[in-house]
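K.L.:
Would you mind keeping the following structure in view while I ask a few things?
What follows is calculated from the coordinates using simple rules that are stated; it is not laboratory data. These numbers were taken from a predicted model, which means no experiment stands behind them. With ideal geometry, Cβ positions are generated from the backbone for all residues, glycine too; neighbour counts draw on all protein chains shown.
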Amino acid sequence: MTTPATSAAIDLKKTALNATHRALKAKMVDFGGWDMPVEYPGFTPQRQGPVPGGSVAGGGLIAEHMAVRTGVGLFDVSHMGEIQFRGRGSLAAVQHIAMNDASRLKDGQAHYSALLTPRGTFVDDILVHRLGENDYLLVVNAGTTGKDFAWIRERVGRWPGIHISDYSSYYSQLAIQGPRALETLQKLTTVDLAAIRNYWFAWGQVAGVPNVMIARTGYTGEDGFEVYIPSDEATSVKVWNAILEAGGEFGIRPCGLGARNTLRLEAGMSLYGHEISEEVNVLEAGLNHWLKLEKGDFVGREALVAVQAAGGPARRIVGLEMVERGIARDGYAVFDLEGKEIGVVTSGSPAPFLKTNIAMALVPAEVAASGSDVIAQCRANPVRARQVPVPFYKRPKR
């Protein structure tokens, strides 16, 4: 008889690189229904020893984090979803469901955006890529792909001149991140990677695989590239191994979800289910830069205009740095200095590169505006924290 734990493990979705991660003795976790690596504690890079800003010796989350900040890291992000819009009605449909202005995109360009509820809160945050006229690829979060696809179909699926397809199972997506990412990937392609600007993409051969989409985006605060390759195991393993070999001289490491989270937090990037959710609106989340109210009607616009007209959001996401010993974890309460509960920590962890403990929290707008210190509950201990600008970490000019 199958035990519940075994049954749950069997039911998890797996990327084409699942066996590769296990062969590397990765620590695996259930992440939104996917069996994914959280860290590789036993991995030994080809290059050992100190590097600027830290060390790549040892294994696990901190070593992976430091490798991305100072050298290069490789992530399997094949669990992400890909939804494609084709046909003459594609632009109008994307404009209706997403908050950014896709009419500004040129062929080969991408931008950050979000699908919103009528209340101006988040269905999901997404990347929109313009593949060509009347051809858009939306990259969505892994745990929300099914929900997003159904939500999109409900709102624009019957519009004329549009074909919407979920191609998530067709792609393996690998992310090469860090200051040596370009040098690593350049060994495997004749595409001039330096010519690809941030949030643009190109097509070319990578590690002998033709017609690969090479995007220069990322979720770590570092320079980097994502490659979209066929999702069969043979191709995925071939490209994964080729990237690890190409980055060997730079101390490349396979990196798991743990480092992905600490890297994005240092870089002040929002995470669905934490800083953004169906209970947090765009203005509260501080993502105004990507909100284009002037483009015309779209789902959620009316509610956000009303929030602005009423004087702005009642809550705001702020950055916190612990000034006393303690780590403010997700979900911990936030208090003012008089002991009144005023908010909640949305994300919190040690910051390996910055060598401090940081967090983001949702607090009243007046507290955010004052910049005053707050108290974060860290397990049983109240810990003082100061408000600091986000992002916590900015990539140095190299």
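K.L.:
Taking a spot 7 Å from the Cα of residue 197 along the direction of its beta carbon, which residues of the range 375-398 have an amide N less than 20 Å from it?
P.N.:
Only 395, 397-398 pass the distance filter.
K.L.:
Using Cα positions and a limit of under 20 Å, work out the lysines in reach of residue 25, with same-chain residues fewer than 8 apart set aside.
P.N.:
Partners found: 13, 14, 238.
K.L.:
For residue 126, what residues show an amide H to amide H distance below 5 Å, using hydrogens built from the backbone and excluding near sequence neighbours?
P.N.:
113, 114, 115
K.L.:
Right, another one. Just to be sure I understand: of the beta bridges DSSP finds with both ends in the chain, what percent are antiparallel, rounded to 5?
P.N.:
Of the beta bridges lying entirely in the chain, close to 95 percent run antiparallel.
K.L.:
Enter the mean projected area of the convex hull around the alpha-carbon atoms of the range 314-388, in nm², rounded to one decimal.
P.N.:
Average of the hull's projected areas for the range 314-388 equals 4.3 nm².
K.L.:
Do you know the relative contact order of the range 314-388, to the nearest whole percent, from alpha carbon pairs under 8 angstrom that are 6+ apart?
P.N.:
41
K.L.:
Residues in the range 281-305, backbone N under 19 Å from the label point at residue 106 (7 Å along the Cα-to-beta-carbon vector): list them, ranges by number please.
P.N.:
none
K.L.:
What are the ³J(HN,Hα) couplings of the range 332-341, residue after residue, when phi is run through the Karplus curve with 6.51, -1.76, 1.60 and θ = phi - 60°? Round to Hz, x for glycine and proline.
P.N.:
Calculated HN-Hα couplings, in order: 5, 6, 10, 10, 7, 6, 8, x, 7, 6 Hz.
K.L.:
Further question on the same structure: So if we plug the beta-carbon distance of residue 366 and residue 12 into 1/(1 + (r/R0)^6) with R0 = 51 Å, what FRET efficiency do we get, rounded to 0.05?
P.N.:
0.70
K.L.:
In addition: Let me test this: with uniform point scatterers at the alpha carbons of the chain, what is the Debye-based log₁₀ I(q)/I(0) at q = 0.06, 0.09, 0.10 1/Å?
P.N.:
-0.24, -0.56, -0.70
K.L.:
Moving on to the next point. Which of 21, 289 comes first, and how do the rest follow, when ranked by fewest Cβ neighbours within 10 Å?
P.N.:
The order, fewest Cβ neighbours first, is 289, 21.
K.L.:
Which of 349, 372 has the fewest other C-beta atoms within 10 Å, and how do the rest follow up to the most?
P.N.:
Placing the least packed residue first, the sequence is 372, 349.
K.L.:
While we're on this one: How many angstrom separate the Cα center of the range 252-308 from the Cα center of the range 69-89?
P.N.:
17
K.L.:
Around residue 315, which amide H atoms from residues at least 5 apart in sequence, or from another chain, sit under 5 Å from its own amide H, with H modelled in the peptide plane?
P.N.:
Long-range HN contacts for residue 315: 365.
K.L.:
State the extension gain, in nm to one decimal, for the chain segment bounded by residue 337 and residue 186, taking 0.36 nm per residue of separation less the distance between their alpha-carbons.
P.N.:
Value of the extension gain: 49.1 nm.
K.L.:
Moving on to the next point. Report relative contact order for the chain in percent, whole number only (criteria: Cα-Cα under 8 Å, sequence separation at least 6).
P.N.:
Reported relative contact order: 17 percent.
K.L.:
Give me the distance in nm between label points sitting 7 Å out from Cα along the Cα-to-Cβ direction at residue 22 and residue 232, one decimal.
P.N.:
Between residue 22 and residue 232, the simple spin-label model gives 2.2 nm.
K.L.:
To continue, here is another question. Under 5 Å between amide hydrogens, which residues at least 5 positions from residue 81 or on another chain qualify, with H placed 1.01 Å from N in the peptide plane?
P.N.:
For residue 81, whose amide H was placed from the backbone, the distant partners under 5 Å are 140, 141, 142.
K.L.:
Starting from 0.36 nm per residue, how many nanometres of slack lie between residue 117 and residue 278 once their C-alpha separation is accounted for?
P.N.:
Separation in residues times 0.36 nm, less the Cα-Cα distance, equals 57.2 nm.
K.L.:
For the range 376-390, what does the Karplus curve 6.51 cos²θ - 1.76 cosθ + 1.60, with θ = phi - 60°, yield as ³J(HN,Hα) per residue in whole Hz, taken in order and with x for Gly and Pro?
P.N.:
Those phi angles translate into 9, 7, 10, 6, 8, 10, x, 10, 6, 9, 9, 6, 9, x, 10 Hz.
K.L.:
Defining a contact as two alpha carbons under 8 Å apart and six or more residues distant in sequence, what relative contact order in percent does the range 145-294 show?
P.N.:
Computed value for the range 145-294: 20 percent relative contact order.
K.L.:
While we're looking at this one, here's another question. Take 169, 90 and order them by how many other Cβ atoms sit within 10 Å, fewest up front.
P.N.:
So the residues, fewest neighbours to most, are 169, 90.
K.L.:
Can you work out the Karplus-derived ³J(HN,Hα) for every residue in the range 21-26? Use 6.51 cos²θ - 1.76 cosθ + 1.60 with θ = phi - 60°, whole Hz, and x for glycine or proline.
P.N.:
These are the phi-based 3J(HN,Hα) values: 4, 5, 5, 7, 6, 5 Hz.
K.L.:
Return the calculated 222 nm mean residue ellipticity for the chain, to the nearest 500 deg cm²/dmol, obtained by summing -39500 (n - 2.57) across DSSP H runs with n ≥ 4 and dividing by the residue count.
P.N.:
Value at 222 nm, helices only, nearest 500: -6500 deg cm²/dmol.
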